[in-house]
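To start, the structure itself, in structure tokens.
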């Protein structure tokens, strides 16, 4: 009887642990709340804090290199020129990376300036790395530190009416990103995501086995969004304030995972988990340590 009870307990514990491990703990732009965004060190910090997926944004340089950046220009909030001067909000779009070779882009400092919205960030001089460099650095780091291999959530970052001015047309942009993914043999460990359905449609058509994520920032009908896309993505990723139990249920009924962004407090994380989401995107991966999957009492992550 005691052996049977012990076996049942161990089996239940194993199932609950697996449930916790399936939950996607996704960092946003590396660990943006703690480190300068979209930098190598930010990605490594997220891994140390238990992120199972590391999120990043990519843009394209004039010489067609795939660069980590949230905007295709140097954002005034985080950027200093090669001479160490600040960039004004009015002038930031003049620093268009699609009009710069990567050698020039690399000279800008995106780690030293204090971020007004994230004053707790650790500051250090940093540059915008290539996607290829980030993958190489992460793979070397997880091997050296015996960490689980992460998923790379790579967001193809276009801006409205920006084709051929701030980035290539979607097919060229998407192919440049996929060229890196294929060259690095990461096709099984990537989630290619975007707000731009044109990019996702291209990736799905040319690489149907690649996992895709549709990102949503406005209150729109779920069925219409999926219809416009033309296929079921792996992940539906809406702005967190748009998520309710009804949307979670509709995603699951369609066989689609739902992973909201950007969830930056313990209370909001708990609320999202209670709704039944499949993962959380956060600027603060240190909060994963306090995350409990319903019914398991198992905390995830580590500090």
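Brief remarks on what is shown
- Listed residues 226, 259, 281, most fluctuating in the chain (Gaussian network, C-alpha, under 10 Å): 226
- Full extension of the chain between residue 205 and residue 175 yields a length gain of 9.7 nm, computed as 0.36 nm times the residue separation minus the alpha carbon distance.
- Computed E for residue 106/residue 188 - FRET, C-beta separation, R0 30 angstrom, nearest 0.05: 0.50
- A convex hull fitted to the Cα coordinates of the range 24-300 yields 130 cubic angstrom per residue.
- Within the chain, helix-based [θ] at 222 nm, where runs of 4 or more DSSP H residues each add -39,500 (n - 2.57), nearest 500: -10000 deg cm²/dmol
- Here, P(r) means the percent of Cα pairs in each 5 Å bin from 0 to the largest distance; for the range 104-154 it is 4, 17, 17, 17, 22, 17, 5, 0.
- Spin-label model, residue 252 to residue 137: label points 7 Å out along the Cα-to-beta-carbon direction sit 3.8 nm apart.
- Relative to the longest principal axis of the Cα atoms of the chain, the long axis of helix 197-206 makes an angle of roughly 70 degrees.
- Euclidean distance between Cα centres, the range 122-197 to the range 26-56, Å: 13
- Sequence-separation-based contact order of the range 24-300, relative, with Cα cut under 8 Å and 6+ spacing, percent: 19
- The long axis of helix 170-183 is offset from the longest Cα principal axis of the chain by roughly 60 degrees.
- Taken over the C-alpha atoms, the range 174-303 has Rg and Dmax values of 15.6, 43 angstrom.
- Of all DSSP beta bridges in the chain, antiparallel share, percent nearest 5: 25
- Arranged from fewest to most other beta-carbon atoms within 10 Å of their beta carbon, 69, 194, 137, 27 become 137, 69, 194, 27.
- Relative to the longest principal axis of the Cα atoms of the chain, helix 266-275 runs at roughly 60 degrees.
Coordinate-derived values only; no laboratory data. Everything numeric here is computed off the predicted structure, so don't read it as measured data. No Cβ is skipped: glycine too gets one built from the backbone with ideal geometry, and neighbour counts run over all protein chains shown.
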